[in-house]
Amino acid sequence: MINKKVSFILILAICFSLLPFTSFAQASSISVKLSNYIGNTRAINISSVGDYKLANGNIRMSGNDRFAVANNVASSGWSQSDTVILVNYKAFADALAATPFAYFKNAPILLTLPDRLESQTLQKLKDLKPKTVYIVGGTASISTNVGAELQKFVPDVKRIDGRDRFEVAKKLAEQFPNNGKAVVANGLVFADALSIAPYAARNGYPILLTAKDFLPEFTNASLRDRQSTLIVGGTGSVSSSVAGKLPSPSRIGGADRFEVSANIVRELNLPAETAFVSTGLSFADALTGSVLAAKQDAPLLLTRPERLPDSIKTIISEKNISSFTILGGPASVNESVVESLPNEMKLTEGENYSVKNENSRLVLYKGLQKLKDFGSLEFALVPSSYSTKNQIKINGKPYLGKMEFFLENGYVRPINRNIPFEDYLKGVVPHEMPAGWEKEALKAQAVAARTYSINSLGKVVADTQGFQVYGGATWIEDFYQQRTNQAVIETAGKVLRYNGKPISAVFSSSNGGYIESNTNAWGTTLVPYLNSKADSFDPKMPWAISMKKTQIDMEPYKGNLTNPGHWWTSIKEADQSVASSYKNWLYKNGYANTEIKIVSINDFTVSPEKTSGNRSLSATMDIDFFVRYPATNTYKLNEAKEIERINLKQTMSIGAFRSMFGGSVFKSHLLDPVTYNTDTDILTIKGRGYGHGVGMSQYGAKKMASVGKSYVDILKHYYPGATLGN
């Protein structure tokens, strides 16, 4: 018979086995939004150690129609472009040879209706702000109405046309330098020319067009000064007799258009870390996407809308292509095709990558090479396994586990997802308390940090002082942080409770010798373990802000208002930090769009009222200043039309003054009497402590540990009435 204890363990194990893995993992982990060591930036540098890959390396550039797809492609590759190529959305004949020219001009290809610009294309053109638009094709393909519409906002509109598609291709070839080689493809079908387009574009080879069984006059003329040619397509597309008329021909063929696109990658040994995929049954998506593929040094593979051809499956396997950009919506490339593609592009260890906001689109770069454009979607980098051997580094700082990226108010924002809770604490403790401090103080900090964040399991928290400072996995590389790791390990699972619930285990750097209560600090209901009391262990941490009362060396010159700036140059602001803080406050409180010069800081008077934790409640700052309005070059004048010296006595809470000066300057609410030295004309605001002063003092914990107190003693002193347990 199974005893009750064993029975309970078996039932518990069965329950855990029935839980979804993600739920269980998230319940014992925490996620962190990173900003403290990254700031607000539109580009972040990353690298990897070990194995990291894109969680989903495949993206789709789609839209409601082919115009939207073309515009989406343009947004991905160009936030602004001096040149744009415009082609008829149905007439592939003129457009087939356009990609190498577009790449040469670093220009996107957009689509138009024959007789007018489609509305969303018109808007995209205006967004791109081109200086020149090339219309490819004659007026029968794109009417003069379109050109007239363009001329309303484009400085230079040019047309490249010809008697037929062969002459158009010839004229396009003449638009960029001749390097001796050309690509030749059948001009009566589109697939072969588009498959080769990214390769031809990157190498500066024009695409010249031919009929199957004869070489057109214009193509022949264009080939006279070429040394070699690359034929794309089998003899069913370009016959042997035509091939015999070409200079030094070589051929890439295949059983069908799909195999030709695969053989291009194979026989030219193209780089294929990532590839573009488009339907092989229509031309528009492949055409507009081909220039972007060239920019990203990626080949273009053709597929059937409903299934991936065997030849494409084979080349994907051979080249180990692991990431794809799909051109067009599900009607062009079915979702089942996308799901059949590999989607895990690996980062190369030691290579430099970057994540950027380009034109409000999230983009991944490898060096200068654009790898992926995710548009407005988020993406994630994941390790092959959660381990210290697999690290993602952001601006050189290591992190473990999954790293997700998204755009937040225009900034690139990472979230370190689902960090095992104890590893999270290893990243917190050394950034909240110096790792070289006494071991028992570090253990007290570990318990406080664990207790403070235990209710945030499964949530996303900040990495700033507003929650807890999280520095990632710097403990992997930092010898001293092994001490904080040990503190986390030796207190594993231990938290502080009151009435059975985890307490709010807040802490600050120094309480100045007197602990403040939570009610006085934040107005919350008083809890016994966060009450006010004297603290003999805190070193008090005195601080001071000194400023000259007189901020100028002469009175302003009042006699010549035609040149009132004379006095302005005479002002000498002695304490730039104080003056800057106060001026910034004035700008936000009635003096926006002005210039302010501080004349004198007359006094700073602290009100006598204090909290039970010895903190001051309010103060009054008496200050004189001048105001100028740059937009009109005028000044604040009094009734006598003289430049006015404004006196302002501003009474605010100490919290408001701390916010004005900055928490690292005005360090606490525990103030000592203000002093004034008449000999030096220095007014000094004095105080003690650093931070809100509620709960544990970190410097007090250090002192207690240095005189032999254990971490249990430290926690009892700073959180009286709370119990320590697992």
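The values are calculated or read from the model by the stated rules, or taken from the named source; none is laboratory data. Being a predicted model, the structure only gives us computed values, none of them experimental. Heads up, the Cβs are rebuilt from the backbone with ideal geometry, glycines too, and the neighbour counts pull from every protein chain shown.
Each residue in the range 443-491 was checked for being of a type in the set (V, I, T), under 21 Å from F405 (Cα atoms) and outside any helix (DSSP H, G or I), and 4 of them qualify. Here is the figure for the range 527-547: residues that are over 26 Å from V469 (Cβ atoms), among the hydrophobic types (A, V, I, L, M, F, W, C) and over 41 Å from the mean Cα position of the chain (by Cα) total 1.
Please work out if S47 is outside the structural domain of S278 (by TED's automatic domain parsing), surrounded by 20 or more Cβ atoms within 10 Å (Cβ to Cβ) and under 25 Å from the mean Cα position of the chain (by Cα). Before the answer, list the steps.
Working: outside the structural domain of S278 (by TED's automatic domain parsing): yes; surrounded by 20 or more Cβ atoms within 10 Å (Cβ to Cβ): yes; under 25 Å from the mean Cα position of the chain (by Cα): yes.
When the stated conditions are applied, S47 passes them.
What about K402, is it under 22 Å from M345 (Cα atoms) and either out of contact with any Leu (no Cβ under 9 Å at 6 or more places or on another chain) or among the basic types (K, R) (or both)?
Details: under 22 Å from M345 (Cα atoms): yes; either out of contact with any Leu (no Cβ under 9 Å at 6 or more places or on another chain) or among the basic types (K, R) (or both): yes.
Answer is yes for this residue.
The numbered conditions (1) more than 19 Å from K548 (Cα to Cα); (2) part of a strand (DSSP E or B) are all true for K649 except (1). Report, by residue number, each residue of the range 668-726 that is aromatic (F, W, Y) and under 25 Å from P528 (Cα atoms). Across the range 668-726, the qualifying residues are Y690, Y699, Y711, Y718, Y719. The set of residues in the range 50-75 that are within 15 Å of S322 (Cα to Cα), buried (at least 22 other Cβ atoms within 10 Å of the Cβ) and at pLDDT 90 or above contains only Y52. Among residues of the range 336-386 being part of a loop (DSSP other than H, G, I, E, B) and of a type in the set (D, E), the one that is nearest to L308 (Cα to Cα) is E344.
A single member of G147, G180 is at positive phi and out of contact with any helix residue (DSSP H, G or I) (no Cβ under 7 Å at 6 or more places or on another chain), and it is G180. Of all the residues in the range 406-427, those that are part of a strand (DSSP E or B) and touching a residue at least 60 places away in the same chain (Cβ under 8 Å) number 10.
Just to be sure, is L327 crowded, with 24+ Cβ neighbours inside 10 Å, touching an Asp or Glu at 6+ places or on another chain (Cβ under 7 Å) and closer than 17 Å to P198 by Cα? Yes: the conditions hold for L327.
For F626, the stated conditions hold: it is surrounded by 14 or more Cβ atoms within 10 Å (Cβ to Cβ) and either farther than 18 Å from M541 by Cα or not hydrophobic (A, V, I, L, M, F, W, C) (or both).
Within the range 612-637, being of a type outside the set (A, V, I, L, M, F, W, C) and touching an Asp or Glu at 6+ places or on another chain (Cβ under 7 Å) holds for G613, R615, D622, R628, P630, K636.
Residue-by-condition table, conditions (1) crowded, with 20+ Cβ neighbours inside 10 Å; (2) over 23 Å from R483 (Cα atoms); (3) hydroxyl-bearing (S, T, Y):
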| position | (1), (2), (3) |
| --- | --- |
| E349 | no, yes, no |
| S354 | no, yes, yes |
| E358 | no, yes, no |
| G367 | no, yes, no |
| S376 | no, yes, yes |
| K393 | no, no, no |
| N416 | yes, yes, no |
| P420 | no, no, no |
| Y424 | yes, no, yes |
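Looking only at residues of the range 318-357 that are hydroxyl-bearing (S, T, Y) and under 19 Å from Y52 (Cα atoms), we find that the one that is farthest from the chain's Cα centre (by Cα) is S322. Here S546 fulfils each of the conditions (1) over 27 Å from Y424 (Cα atoms); (2) at pLDDT below 95; (3) in a loop (DSSP other than H, G, I, E, B) apart from (3). One residue stands out among those in the range 596-630 that are touching a Leu at 6+ places or on another chain (Cβ under 9 Å) and aliphatic (A, V, I, L, M): the one that is farthest from P673 (Cα to Cα), which is V627.
Scan the range 209-220 for residues that are out of contact with any Leu (no Cβ under 7 Å at 6 or more places or on another chain) and either buried (at least 16 other Cβ atoms within 10 Å of the Cβ) or within 12 Å of A182 (Cβ to Cβ) (or both) and report the count. Break it down stepwise before answering.
Applying the first criterion (out of contact with any Leu (no Cβ under 7 Å at 6 or more places or on another chain)) to the range 209-220 yields 210, 212-218, 220.
Subsequent filtering for residues that are either buried (at least 16 other Cβ atoms within 10 Å of the Cβ) or within 12 Å of A182 (Cβ to Cβ) (or both) retains 210, 212, 215-216, 218, 220.
Result for the range 209-220: 6.
Does V469 fit the bill of being surrounded by 21 or more Cβ atoms within 10 Å (Cβ to Cβ) and farther than 18 Å from L526 by Cβ? In short, no. Among the criteria (1) closer than 30 Å to S532 by Cβ; (2) crowded, with 18+ Cβ neighbours inside 10 Å; (3) in contact with a Ser or Thr (Cβ under 6 Å, 6 or more places away or on another chain), the one M621 does not fulfil is (3). Evaluated against (1) assigned to a helix (DSSP H, G or I); (2) over 18 Å from S28 (Cβ atoms); (3) out of contact with any Lys or Arg (no Cβ under 8 Å at 6 or more places or on another chain), E440 falls short on exactly one condition, (3).
Being closer than 30 Å to I682 by Cα and in contact with a Pro (Cβ under 9 Å, 6 or more places away or on another chain): is that true of G472 here? So G472 fails the test.
If the condition is being closer than 18 Å to N72 by Cβ and assigned to a loop (DSSP other than H, G, I, E, B), then the range 324-335 contributes G328, G329, P330, A331, S332, V333. Per the conditions (1) at pLDDT below 90; (2) surrounded by fewer than 16 Cβ atoms within 10 Å (Cβ to Cβ), the sole criterion not satisfied by Y587 is (1).
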